[in-house]
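Structure record follows, encoded as structure tokens.
The values are calculated or read from the model by the stated rules, or taken from the named source; none is laboratory data. Worth saying up front: this structure is predicted, and the values here are computed from it rather than measured. Cβ atoms come from the backbone with ideal geometry, glycine included; neighbour counts cover every protein chain shown. All accessible areas refer to the heavy atoms of the entire protein, side chains included, with ligands and DNA or RNA removed. Shrake-Rupley method; radii C 1.70, N 1.55, O 1.52, S 1.80 Å.
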Amino acid sequence: MKAEYVMTADVVSVSPNHSVRHAAQLMLDHRISGLPVLDDNGRVVGIVTEGDLMRRSELGVQALAPIGRQFTTSEDSARAYVKSHSWKVADVMTADPVVVDEGTSLTQIADLMTERGIKCVPVMRGTHLIGIVSRADLLRVLVKAKTDDTASGDNAIRRSILTRLRDDAGVEGNSLILTVSDGLVHFSGVVSSQSERDAARVVAEGVRGVKGVFDHLSVG
């Protein structure tokens, strides 16, 4: 699945010249965690998020310094002062934000969010903003996702579990014994770790037609 199928197309945005208070009010009103910042030509020049507003002077002196460390240079101190006191979005936003195009896969977007510690990414078509994907959009995909659509029948269930264990979870299962009877899955034998044991259960639980999973595995 790609960004264009899950993105929010009706994007709420702000200008670099809007006030920080206005940006915060928009986030509250629309229950969103970030706003693309567009210049007068409609180009994305930044993004302002809840995180950008957590070091504000309005929240107290402790909000001014990075957690757990002191400023190392006068430039750091001056920059932090601007971000914590300026009333303009341009001064507090994250410039040159991470963006994706409409064909970017959800896997890639999830990886970006995890690696960069971000909650939303603007979606571009060329130089034009056409949407935004948030963590909430990915969660909606998770909620709507269907279980495996494999063919029914005990033999088909068994083949599907073994294939997914090997190809998706990386578990060879050479010492693993798997039986399926009337949709009831029984694991026995030995796996090399608790993680492999958990993976066997999760794979089986995700296959259509499975009515129950019984774990008799040993870790060794």
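Ligands, DNA and RNA left out, the accessible area of the range 83-185 computed with a 1.4 Å probe is 50% carbon and sulfur. Positive contributions from Lys and Arg (+1) and negative ones from Asp and Glu (-1), summed over other residues with Cβ under 11 Å from the Cβ of Leu184, come out at -1.
In the full protein context, the range 74-205 carries 59 Å² of accessible surface per residue, based on a 1.4 Å probe and ignoring ligands, DNA and RNA. Once the Cβ-Cβ distance of Val82 and His22 is raised to the sixth power relative to R0 = 25 Å, the FRET efficiency obtained is 0.90. For Lys2, what charge total do you get from the other residues with a beta carbon under 13 Å from its beta carbon, if Lys and Arg give +1 and Asp and Glu give -1? Neighbourhood net charge equals -3.
When only the Cβ of Lys, Arg, Asp and Glu is charged (+1, +1, -1, -1), the dipole of the chain relative to its Cα centre reaches about 320 debye.
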